[in-house]
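Here is the structure we will look at.
The values are calculated or read from the model by the stated rules, or taken from the named source; none is laboratory data. Quantities reported herein were computed from a predicted structural model and do not represent experimental measurements. Don't worry about glycine lacking a Cβ; one is built from the backbone with ideal geometry, like all the others, and counts go over all protein chains shown.
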Amino acid sequence: MTTLVLRPLDTFFFRDGRPYNQDDPGQVEAASLFPPYPPTVVGAVRAAAARAMGWPGAAWDTAALGDGVDWQAGDESLGRLRFSGPYILRNGEPLYPAPLNLVAGKDEGGADLITYLAPSGEALDTDIGAVRLPAPIKAGHGFKTLERCWLNAKAMGRAINGAELTSDQVVPASRLSEAEPRIGIQRETARRTTVERALYVAGHVRPARDVALAVDVEAFPDVAFGESLTPLGGEGRSVWIEQRNNKTLLPQVYNLVPDRDGVLRYTVVLITPADLDDKWPGPGECLTGSTGEALPGKIVSGCKGRAIAVGGWDGAARGPLPLRPLIPAGSVWFLEARADEAEAVQSWHGRAIGRSTGWGFGRVLIGRWTPAGEET
């Protein structure tokens, strides 16, 4: 396993799925994502490796780097390569998106409180049938999910295992990067003028000085990047790539044990977006890995974010890839399994679910949960 650290030269510009065309109605600014979606980093790393191996003067080494650029076609186009991430690094330490069952509010005395959502024992009638909806496990008010917040490996380990967290353990996105709008024009060189209606705004993101990106790669070829810069994202942004012969540290999962009623209750927490096809699994259904292997037990409930539209650019066909709706990182499922399935459950910690997992999608952590209203 090789870890590649991507350190920015200046700002980043990673577009989302919204159009960015001249005269597009309502298009004022193209804002940048951070961190980028996995295919952006995978494409940059593969191209950098190919250049270090002599491309474009020599043919692309398909045995080492694969022969495709369409992540929606699956993992086969990557050859032997398999990616995990990208992850945000802060002072060399990985950060993970806060689980969406982690909420902040006020307790009954008005003090700040961070607690968890978990399914209660009682099912309520909803438009998808009777569902055990998540509820706070501690009394309070004004609860909001910690979207766009991050946790280091130690804090994430506490979060997935239901331990108490304090606000100083939560890193808001504003500490990692800030928006930096750039205004541009299209020049007409021959006339030394600007092109009519060619003013645009690109919302770059400037990472903090101690922030970088990292991606884990299996079967990475033996290449040296040297001191050369590598393009990453749009608007001519670049990074330096540093290689490390280790794997990104994952949060620790505690030994899972069944509750007093003999039921093994566990959570599946996404740390990268997941492609689960067009029908997302719900209560009473299973989660499955890329090979179709199902995780033990059935889904009870979940805390899932709004769908994100992920496309990309097909460099071979020189055209955009169609957008697909993916489940965002931070989403959580609550499952129940048999007591004798604890070892099988824990084996999924750090593995991936859904499609195109070799590109970095669907990486999960395993945790535990206790029904709301019961003693933790």
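At-a-glance table
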read-out: Checking Arg260 against (1) touching a strand residue (DSSP E or B) at 6+ places or on another chain (Cβ under 7 Å); (2) within 25 Å of Ala339 (Cβ to Cβ), the condition it does not meet; value: (1)
read-out: Which numbered condition Ala163 fails, given (1) closer than 27 Å to Pro251 by Cβ; (2) of a type in the set (A, V, I, L, M); (3) within 22 Å of the chain's Cα centre (by Cα); value: (3)
read-out: Extreme residue, farthest from Val215 (Cα to Cα), among residues of the stretch 33-53 that are part of a loop (DSSP other than H, G, I, E, B) and at pLDDT 90 or above; value: Met53
read-out: Residues that are under 22 Å from the mean Cα position of the chain (by Cα) and either among the β-branched types (Val, Ile, Thr) or at pLDDT 95 or above (or both), drawn from the stretch 178-205; value: Val205
read-out: Selected residue (only one of Ala73, Ala104, Ala98 is among the hydrophobic types (A, V, I, L, M, F, W, C), surrounded by fewer than 17 Cβ atoms within 10 Å (Cβ to Cβ) and within 27 Å of the chain's Cα centre (by Cα)); value: Ala73
read-out: Elements of type strands (runs of 3 or more DSSP E) in the stretch 239-315, at least 2 residues being without any contact (Cβ under 8 Å) to a residue 60 or more places away in the chain; value: 298-303
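Matching residues to (1) buried (at least 19 other Cβ atoms within 10 Å of the Cβ); (2) touching a Ser or Thr at 6+ places or on another chain (Cβ under 6 Å); (3) touching a residue at least 12 places away in the same chain (Cβ under 8 Å); (4) not in a strand (DSSP E or B):
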{"position": "Gly109", "(1), (2), (3), (4)": "no, no, no, yes"}
{"position": "Ala139", "(1), (2), (3), (4)": "no, no, yes, yes"}
{"position": "Lys144", "(1), (2), (3), (4)": "no, no, yes, no"}
{"position": "Ala155", "(1), (2), (3), (4)": "yes, no, yes, yes"}
{"position": "Ala159", "(1), (2), (3), (4)": "yes, no, yes, yes"}
{"position": "Pro181", "(1), (2), (3), (4)": "no, no, yes, no"}
{"position": "Gly203", "(1), (2), (3), (4)": "no, yes, yes, no"}
{"position": "Val217", "(1), (2), (3), (4)": "yes, yes, yes, no"}
{"position": "Asp222", "(1), (2), (3), (4)": "no, no, no, yes"}
